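Peer 1: Got a structure here, written out as structure tokens. Questions coming.
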Amino acid sequence: MAFDLVQYFSDQVKIQKPQLLQQYDADSRNAYIQELNALTLGKLIRLWREDDNKLYQEIKTLDPLYIQEVSRHLTTSVHNQSELPKPELEHGISEILSLQLTELKQLDETGNFGSNGLKELLQGQIEHLSGQADDWVWSTNELTELKGSKPLPQEELSLDDTMKEFNQMLHQQADHAPVESTVAAEPTVPGWAKVLEPVVAIAILWILYCAASQMFA
């Protein structure tokens, strides 16, 4: 598994750029930083796929005009649904993108990554980015294979709601249970037995008559 640049960059933004988005409360600021961090890093991965040599040179030169161009493109994208005002959004993207490129340059120089090493490192961030942002982020930076990776929030049920569902389930089960009949089933009499009933009665009477005749003979 590749080193987690997603978390590393997010931490570095908070350490190196404490003034960025400081007007927001801590939770909102962290959420915005995470969102913009995923947006810009995902864009770098996409740009590397399109032209790895060009991006590698941009990492080495850190051209401010290139950073401005990429930031403007992400800010004005029709897919961008960030709640930040446009000026704050573009400034935030530019600041975080600049930090990411600077950190990648330092990693390349200190670790002797080279083009192939950075390629492997960047491509390995897909698994770390998965689930980190809403779909509009991946549509904006064109890393569309990550769309749908963020799990949907599930509503937590209270204890009362849980017990209501449980009782409802029991009632439904009882309503569908088969009702046992308390009436004993009558034995089925074959049709031929009813036909022979008179014959049997005559035979019994004949036997009784013969027995009585012998007694009084």
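Peer 1: Quick check on packing: order 76-84, 44-52, 134-142, 91-99 by the mean number of other C-beta atoms within 10 Å, highest mean leading. Show your work: numbers first, answer last.
Peer 2: Working: 76-84: 14.4, 44-52: 16.1, 134-142: 19.8, 91-99: 21.4.
Top of the packing list down: 91-99, 134-142, 44-52, 76-84.
Peer 1: Now, a different point. So for region 5-146, averaging the separation of alpha carbon pairs under 8 Å that are six or more residues apart and normalising by length, what relative contact order in percent results?
Peer 2: RCO, region 5-146: 39 percent.
Peer 1: Provide the per-residue ³J(HN,Hα) series for region 77-91, in order, calculated from phi with Karplus coefficients 6.51, -1.76, 1.60 and θ = phi - 60°, each as a whole number of Hz, with x at glycine and proline positions.
Peer 2: These are the phi-based 3J(HN,Hα) values: 4, 5, 8, 6, 10, 4, 7, 6, x, 3, x, 5, 5, 5, 5 Hz.
Peer 1: Going by the alpha-carbon gyration tensor, a ≥ b ≥ c the square roots of its eigenvalues, is region 7-115 rounded (a/c under 1.5) or, if a/c is not under 1.5, prolate (a/b greater than b/c) versus oblate?
Peer 2: oblate
Bear in mind that the values in this text are calculations on the coordinates, not laboratory data. The structure presented is a predicted model; accordingly, all values stated were derived computationally and were not measured. Please note: Cβ atoms are built from the backbone with ideal geometry, for glycine as well, and neighbour counts cover all protein chains shown.
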